[in-house]
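Here is the structure we will look at, set down as structure tokens.
The values are calculated or read from the model by the stated rules, or taken from the named source; none is laboratory data. Bear in mind the structure is a predicted one, so any value in this text is a computation, not a measurement. Heads up, the Cβs are rebuilt from the backbone with ideal geometry, glycines too, and the neighbour counts pull from every protein chain shown.
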Amino acid sequence: MRKTQTAEKPLWPVLPCFSSDGKILALAGGDLQRMVTFFYDVEAACFLETQAPGYPWEFTGDGTRIIISGGDGVSATLEEWDIMKSRTSWKVDLGIIPDMPTSNAVCVNRNLVIIGWANGSTWIINYQERTVRKGWKVHEGGFGQMSFSPNGCLLLTSDLTGTPNEHSNIVWACSDLDAIKPAYIIQGHLGRVLSSAFSPCGELLATGGAGGRILVRDAETGNLRQELTGHKRGSTGLAFSPDGKTLASGSDDGTVRLWHVYTGRELVKLEVKSRVGYLAFSPDGSTLAGQCAGHSGPKLRL
């Protein structure tokens with residue numbers, strides 16, 4: 001494993017996004033007045049000069065373009081940004097936003113983005129068709145964690161308030177977007193799910209909670225496969241390796257751990273001495289990116 005790198009920018013604590021070749025990492029940053037996307041060259045270990053005016057969703061095609069969302073605090077836009085030319089390829093107005101966005105999930109295979117709002121409502125965006133529809137409403141306290149399965153047929157959501165009840169953590173069957181319904185309830189965590197990840201093939205779903213406990217279950221049935229224990233505080237970031245055999249976890253306890261998914265054995269423990277939030281593996285599995293929150297705000301660690 002290569003030496004870790006730290007990159008500093010005014011970042012937001014959101015999921016990093018790798019290009020398809022793993023050479024560029026997109027990160028949300030800026031301030032409350034102006035959200036921007038920074039682009040980090042992984043091989044050169046530096047930020048590119050170009051920036052995109054919005055929030056990063058997902059790279060498209062050969063990795064030179066990225067879907068981003070923006071807006072003025074009243075209405076929202078969706079656009080594709082050409083990184084090499086530093087300009088918009090296309091842009092569409094999504095309309096008036098209903099509240100503060102609190103969570104989102106992206107499904108590349110279905111060209112979908114779901115945004116969860118603080119009032120418990122959702123937007124379902126097809127970024128290929130450039131359309132938006134108003135989704136269902138379930139979490140009255142707003143949406144916390146959100147994760148799509150790779151095929152986009154399952155979606156995990158959690159209640160932002162974390163109040164334990166039968167609607168705290170739900171996996172939805174959403175192959176038909178006009179008939180989204182609960183598949184099963186996630187149980188076994190104290191309050192809401194803080195982190196979640198589906199394995200690349202969609203077989204497994206990992207969830208992390210406030211006590212540091214990580215549960216790995218069959219994604220289709222919800223049956224428990226493994227319980228991973230070791231973190232002393234909340235498990236705030238999860239990511240599967242591209243081959244699906246390794247699970248990376250980050251925590252409020254200042255550590256990143258790598259686990260063998262099928263045996264539950266802890267493989268590696270990294271001390272980073274700050275809260276570890278979102279994690280993402282590069283497409284070839286050689287790089288693990290994470291956002292670490294310290295006194296000066298979130299930082300990128302590789």
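Test of understanding: among Gly234, Gly250, Gly244, Gly191, which residue is under 16 Å from the mean Cα position of the chain (by Cα) and either farther than 21 Å from Asp284 by Cα or without any contact (Cβ under 8 Å) to a residue 60 or more places away in the chain (or both)?
Gly250
Within the range 253-262, which residues are of a type outside the set (A, V, I, L, M) and in contact (Cβ under 8 Å) with a residue 24 or more places away in the chain?
Correct list: Asp253, Thr255, Arg257, Trp259, Tyr262.
Counting just the residues of the range 188-234 that are basic (Lys, Arg) and not in a loop (DSSP other than H, G, I, E, B), which one comes out surrounded by the most Cβ atoms within 10 Å (Cβ to Cβ)?
Out of the qualifying residues, it is Arg217.
Just checking, which of Leu177, Leu160, Leu156 is of a type in the set (A, V, I, L, M, F, W, C), surrounded by fewer than 22 Cβ atoms within 10 Å (Cβ to Cβ) and within 19 Å of the chain's Cα centre (by Cα)?
On inspection, the qualifying residue turns out to be Leu160.
Condition test on Gly73, is it over 25 Å from Cys201 (Cα atoms), outside any strand (DSSP E or B) and of a type in the set (Gly, Ala, Ser)?
yes
Could you pull out the residue among Ser121, Ser75 that is in the same structural domain as Leu154 (by TED's automatic domain parsing), surrounded by fewer than 20 Cβ atoms within 10 Å (Cβ to Cβ), polar (S, T, N, Q) and farther than 26 Å from Ser19 by Cβ?
Residue meeting the stated conditions: Ser121.
How many residues does the range 76-88 hold that are among the polar types (S, T, N, Q) and either touching a Ser or Thr at 6+ places or on another chain (Cβ under 6 Å) or at pLDDT 90 or above (or both)?
Number satisfying all stated conditions: 2.
Among the residues of the range 40-59, what is the count of those that are over 17 Å from the mean Cα position of the chain (by Cα) and in a strand (DSSP E or B)?
Of the residues in that region, 9 qualify.
Going by the conditions given, is Gly222 on the phi > 0 side of the Ramachandran plot and either assigned by TED's automatic domain parsing to the domain that holds Lys137 or touching a His at 6+ places or on another chain (Cβ under 7 Å) (or both)?
no
Go through (1) part of a strand (DSSP E or B); (2) under 18 Å from the mean Cα position of the chain (by Cα) for Val132 and report which single condition fails.
(2)
Here's the yes/no breakdown for (1) touching a residue at least 60 places away in the same chain (Cβ under 8 Å); (2) acidic (Asp, Glu):
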residue: Asp21; (1), (2): yes, yes
residue: Ala28; (1), (2): no, no
residue: Leu48; (1), (2): no, no
residue: Ala52; (1), (2): no, no
residue: Glu80; (1), (2): no, yes
residue: Ile83; (1), (2): no, no
residue: Ile96; (1), (2): no, no
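How about the range 102-128: which of its residues are under 14 Å from the mean Cα position of the chain (by Cα) and either among the polar types (S, T, N, Q) or assigned to a strand (DSSP E or B) (or both)?
Within the range 102-128, Thr102, Ser103, Asn104, Ala105, Val106, Cys107, Leu112, Val113, Ile114, Ile115, Gly116 qualify.
Pick from Phe143, Phe148: which is buried (at least 19 other Cβ atoms within 10 Å of the Cβ), in contact with a Lys or Arg (Cβ under 9 Å, 6 or more places away or on another chain) and not small (Gly, Ala, Ser)?
Of Phe143, Phe148, the one residue that is buried (at least 19 other Cβ atoms within 10 Å of the Cβ), in contact with a Lys or Arg (Cβ under 9 Å, 6 or more places away or on another chain) and not small (Gly, Ala, Ser) is Phe148.
Scanning the range 1-32 for residues that are among the aliphatic types (A, V, I, L, M) and under 12 Å from Pro56 (Cβ atoms), which turns out modelled with the lowest pLDDT?
Once the filter is applied, the top-ranked residue is Leu11.
I'd like the full set of residues that are crowded, with 21+ Cβ neighbours inside 10 Å and either of a type in the set (S, T, N, Q) or not in a loop (DSSP other than H, G, I, E, B) (or both), limited to the range 256-277.
Val256, Arg257, Trp259, Val276, Gly277
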